[in-house]
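Structure, as structure tokens:
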Amino acid sequence: MKFCSQCAHPVVMQIPADDTRERHVCLSCGTIHYQNPKMVVGSIPVWQLHGETKVLLCKRAIEPRHGYWTLPAGFMENNETTSQAAQRETVEEAGANIELHELFSVMNVPHVNQVHLFYRATLLDLDYLAGTESLEVSLFSEHEIPWNEIAFPTVSHTLKFFFEDLAMAKKGGSFNFHSFDIFKPMRA
């Protein structure tokens with residue numbers, strides 16, 4: 001940020017009074033411009049086929065990670081809840097009709113100022129279709145997932161947690177809530 005959105009004067013980075021972090025501050029009008037993490041919200045849409053659980057993945061048609069597979073997810077919009085964002089993103093990216101269940105995972109990604117949330121979901125039908133941000137949409141069982149072609153660590157971790165919990169659920173256990181922090185790799 002270079003200019004104040006209130007008065008258009010240049011902003012400077014400084015720690016405001018009663019704060020502990022540098023912020024963009026307008027010295028002309030005094031506005032403090034807070035920048036906070038962005039929420040990425042999505043779903044884990046599943047379909048039962050002959051007793052096998054399959055997950056719906058989207059092949060990205062946009063950067064970052066064009067051509068890699070992901071769960072349907074995207075940035076939350078203002079004036080919507082996290083569950084509404086998960087539903088909307090699933091429709092936009094996969095054209096899929098889902099029944100949304102509980103929040104399954106929260107992944108903190110501080111080096112890109114994001115928090116990723118994924119809800120468990122059930123596909124209501126097989127009438128899905130790639131949206132404008134997807135090249136392809138397909139169902140995968142655990143052994144069919146192209147693990148080396150998954151777009152983001154948040155998706156890999158969420159899928160691994162999901163299939164671990166699914167195995168436990170088949171033995172009488174249940175799905176758990178998962179929280180995980182993904183830090184930028186340290187440079188050598």
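What follows draws every value from the coordinates through simple rules; no lab data is involved. Since the structure is predicted, the reported quantities are computational estimates derived from the model, not experimental observations. So basically every Cβ, Gly included, is an ideal-geometry build from the backbone, and we count neighbours across all protein chains shown.
Rg ratio for region 38-181: its Cα radius of gyration over 2.2 N^0.38 Å, N being its residue count, equals 0.96. Full extension of the chain segment joining S174 with V12 gains 53.3 nm, where the gain is 0.36 nm per residue of separation less the Cα-Cα distance.
For region 50-151, GluC sites (Glu not before Pro) are listed when DSSP marks them as loop and at most 14 other Cβ atoms sit within 10 Å of their Cβ; the list is E77, E80. Put simply, the amide H of F3, placed in the peptide plane, has neighbours under 5 Å in V11, leaving out anything fewer than 5 places away on its chain.
Between K2 and D125, the contour length at 0.36 nm per residue exceeds the Cα-Cα span by 39.5 nm.
Computed over Cα pairs, the Kirkwood radius of region 129-188 leads via Stokes-Einstein (0.692 mPa s, 37 °C) to a diffusion coefficient of 234 µm² per second.
Proximity of backbone amide H atoms, modeled 1.01 Å from N, is registered between K38 and Q114, V115 at under 5 Å, excluding neighbours fewer than 5 places apart on the same chain. Note on region 65-115: Cα Rg divided by 2.2 N^0.38 Å, N the number of residues, gives 1.22. Seen from I32, the other residues with C-beta closer than 13 Å to its C-beta sum to a net charge of -1, counting Lys and Arg as +1 and Asp and Glu as -1. Taken one residue at a time, the phi angles of region 158-171 give Karplus couplings (6.51, -1.76, 1.60, θ = phi - 60°) of 4, 5, 5, 4, 4, 5, 5, 5, 4, 4, 5, 5, 5, 9 Hz. Gly and Pro are set to x. Remark: region 1-103 is approximated by an ellipsoid whose semi-axes, taken from the C-alpha gyration tensor as √(5λ), come to 41, 15, 12 Å, largest first. Karplus-derived 3J(HN,Hα) values for region 90-102, using 6.51 cos²θ - 1.76 cosθ + 1.60 with θ = phi - 60°, are 5, 5, 5, 8, 10, x, 9, 8, 10, 9, 7, 10, 6 Hz; glycine and proline are entered as x.
All C-alpha to C-alpha distances of region 90-150, sorted into 10 Å bins beginning at zero, yield P(r) values of 18, 39, 40, 4 percent in whole numbers. Length available on full extension from H33 to F183: 0.36 nm per residue minus the Cα-Cα distance, which gives 51.5 nm. For the chain, what does the relative contact order come out to in percent, with C-alpha contacts under 8 Å and a separation of six or more? Answer for the chain is 21 percent.
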